[in-house]
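Could you have a look at this structure, given as structure tokens, before my questions?
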Amino acid sequence: MHPVQEIIEFPVVQLSTADWSEIRRFHQYIKPTEFPRLTSFCTSLTRIIQEMVDEKPKLPEVLSEFDSWLKEDSRLKQGNFAFVTCGDWDLKVALPSEAKFKNIEIPEYFNQWINVKKAYAEHTNHFAKGMTQLLAIYKLQHQGRLHSGIDDVANICEIVRCLGRDGHNYRITGSKDTMTRRVFRDARK
């Protein structure tokens, strides 16, 4: 077990809440620096091989690229967005832990998010254990490979669409410091 788990893939899909269509994507593999050689466990889990990360930028550069990408859209520049995750791990633990270990400053906008499992529970009063169960509930076929970041994001988007079309009013469900419940301002306005 390493003292820090390094992020090796950074995928984001921007959705319109007006019609739940995809607007654009940001996707980058990341070169690990503390442990540059991927373990066989990591490769078997993610299907990311060494050659996919060797010549890629490091986390600080990817965060800077992402920040520039984010600011290209005036709606996002105004802060009228939220990240949607399947669980709290990515933004509550993984990113802050690696940033702290490497002394990387992360932008404030990573400090809160919507956990789609909690959004589903709010909407239905039932808690789904994970993405596979949510996909089955909505009779959606899993696309791509489990634990491939960009494929997981595409599957999360399908769940988000189903909940949105079902009339769910998305709210912030997680934050870096405490669990909050704040109304998510809809980008339809």
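The values are calculated or read from the model by the stated rules, or taken from the named source; none is laboratory data. Given the structure is predicted, the values throughout are model-derived calculations rather than measurements. Please note: Cβ atoms are built from the backbone with ideal geometry, for glycine as well, and neighbour counts cover all protein chains shown. The protein model used for the area step is the full one, side chains on, heavy atoms only, and it has no ligands, DNA or RNA in it. Shrake-Rupley method; radii C 1.70, N 1.55, O 1.52, S 1.80 Å.
Relative contact order (percent) for the stretch 1-89, with alpha-carbon contacts under 8 angstrom and 6 or more residues of separation?
Relative contact order, the stretch 1-89: 22 percent.
Could you go through the stretch 81-95 in sequence order and give the Karplus-derived ³J(HN,Hα) for each residue, using 6.51 cos²θ - 1.76 cosθ + 1.60 with θ = phi - 60°, rounded to whole Hz, and x for Gly and Pro?
7, 8, 7, 10, 10, 10, x, 9, 4, 4, 9, 8, 10, 4, 5
Identify the residues of the stretch 4-19 with backbone N under 17 Å of a label point that sits 7 angstrom from the Cα of R165 along the Cα-to-Cβ direction, or state none.
Correct set: 15-19.
I150: net charge of surrounding residues, Cβ under 15 Å, Lys/Arg +1, Asp/Glu -1, itself excluded?
-1
Now a separate question. Write down the accessible area per residue of the stretch 9-175 in Å², having rolled a 1.4 Å probe over the full set of protein chains.
Computed with neighbouring chains in place, this is 53 Å² per residue.
So, one more: How large is ³J(HN,Hα) for each residue in the stretch 31-45, as worked out from phi by the Karplus curve 6.51 cos²θ - 1.76 cosθ + 1.60 (θ = phi - 60°), to whole Hz, x for Gly and Pro?
Those phi angles translate into 6, x, 10, 6, 9, x, 8, 5, 7, 5, 4, 4, 5, 5, 6 Hz.
Between F83 and residues 5 or more places away or on another chain, which pairs have amide H atoms under 5 Å apart, with H built 1.01 Å from N, and which residues are they?
Those lying under 5 Å, H to H, from F83 are I114.
Below 13 angstrom from the Cβ of Q28, what's the summed charge of the other residues (Lys, Arg +1; Asp, Glu -1)?
Net local charge, Q28 excluded: -1.
Please report the net charge: other residues with Cβ closer than 12 Å to the Cβ of Y138, K and R +1, D and E -1.
Computed value for this residue: +1.
Turning to a different aspect of this structure: Can you send over the carbon and sulfur percentage of the accessible area for the chain, probe radius 1.4 Å, protein chains only?
About 51 percent, which is the carbon plus sulfur part of the accessible surface.
Only bridges whose two residues both fall in the chain count here: according to DSSP, what percent of them are antiparallel, nearest 5?
Taking every DSSP beta bridge with both residues in the chain, the antiparallel ones total about 80 percent.
Sticking with this structure for a sec: Once you place label points 7 Å from the Cα toward the Cβ at T39 and Q141, how far apart are they in nm?
Computed distance between label sites T39 and Q141 equals 3.4 nm.
Among the lysines, which fall within straight-line cross-link reach of K118, defined as a Cα-Cα distance under 30 Å, with same-chain neighbours fewer than 8 residues apart omitted?
Within the straight-line cut-off, K118 pairs with K71, K77, K92, K100, K129, K139, K176, K189.
Once you have the Cα-Cα distance between N80 and N125, take 0.36 nm times their residue separation minus that, and quote the gain in nm to one decimal.
Between N80 and N125, full extension yields an extra 13.5 nm.
Using amide H atoms built in the peptide plane, which far-off residues or other-chain residues are under 5 Å from E9 H to H?
HN-HN under 5 Å from E9: I30.
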